[in-house]
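The block underneath contains the structure these notes are about, expressed in structure tokens.
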Amino acid sequence: TAPSSTYTGQYYDNGTDLRRYNGSAWDTYQKVVTTGWTQPTLATGYAHDGNSNGNVQYRLVTIAGAHFVERRGGLGITYSSNALQNSGNFLNAALAAAYRPPSLRSVTVACSASSSSSLSVKIDFKTDGTTQIVGPTTAASDTYATPVIRPPWISLNNVRYSVS
């Protein structure tokens with residue numbers, strides 16, 4: 001609810017919009033628009049709820065006129081001959097045009113330290129609506145020159161990239 005004591009220039013978040021008091025009424029200063037969460041079908045070798053982080057989901061968010069895709073959930077990964085399946089693309093189908101960035105968007109995400117010499121990997125969100133996990137290796141033994149990076153899960157929680 002709006003504050004009971006107001007002053008000109010005061011802000012409050014009503015849960016949907018950022019509001020500003022103009023001296024006589026509350027104006028919408030910044031509207032936050034979101035779509036519902038969508039759970040994609042995953043490609044072979046990938047599963048929802050990796051490390052109990054919830055199902056992989058995405059949604060469109062508009063903040064101050066800029067459009068973003070937000071992601072959440074954990075992605076379970078199964079390797080074939082020590083390699084990522086489907087070239088690291090964990091989606092069964094490309095995303096719709098509204099969810100595609102105008103140029104490549106690369107983000108770093110947390111991953112399991114189990115079976116991995118790294119605590120993070122990179123994900124590329126591509127203009128054609130596909131994704132690619134970058135960083136896992138096919139090394140058979142862990143050395144400085146050829147580290148083993150094969151996390152059984154990665155977290156997509158709090159991932160956001162611009163699509164405008």
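The values are calculated or read from the model by the stated rules, or taken from the named source; none is laboratory data. Quick caveat, the model's predicted, so the values are computed rather than measured. For neighbour counting, all protein chains shown are included, and Cβ atoms are generated from backbone atoms with ideal geometry for every residue, glycine included. Each accessible area value is taken on the protein alone, full model and side chains, heavy atoms only, with ligands, DNA and RNA left out. Shrake-Rupley method; radii C 1.70, N 1.55, O 1.52, S 1.80 Å.
Charge dipole of segment 10-68 (Cα centre as origin; +1 on each Lys and Arg Cβ, -1 on each Asp and Glu Cβ, all else neutral): 120 debye, rounded to the nearest 20. Under the convention that each Lys and Arg Cβ holds +1 and each Asp and Glu Cβ holds -1, the size of the dipole of the chain around its Cα centre is about 180 debye. For the options Thr146, Thr38, Thr131, a Gaussian network treatment of the chain with springs between C-alpha atoms closer than 10 Å singles out Thr146 as fluctuating the most. Taking only the C-alpha atoms of segment 40-96, the Rg (one decimal) and the largest Cα-Cα distance, Dmax (whole number), read 13.4, 46 Å. In this structure the chain gives 52 Å² per residue of accessible area when probed at 1.4 Å with all protein chains present.
Surface composition of the chain: carbon plus sulfur atoms hold 47% of the accessible area, using a 1.4 angstrom probe and ignoring ligands, DNA and RNA. In angstrom, the C-alpha Rg and Dmax of the chain are 20.2, 69. Each listed q (0.21, 0.27, 0.29 Å⁻¹) maps to a log10 I(q)/I(0) for segment 66-136 from the Debye sum over equal C-alpha point scatterers, namely -0.99, -1.45, -1.56. Find how many whole Å separate the alpha carbon centroid of segment 1-43 from the alpha carbon centroid of segment 51-80. Segment 51-80 and segment 1-43 have Cα centres separated by 23 Å.
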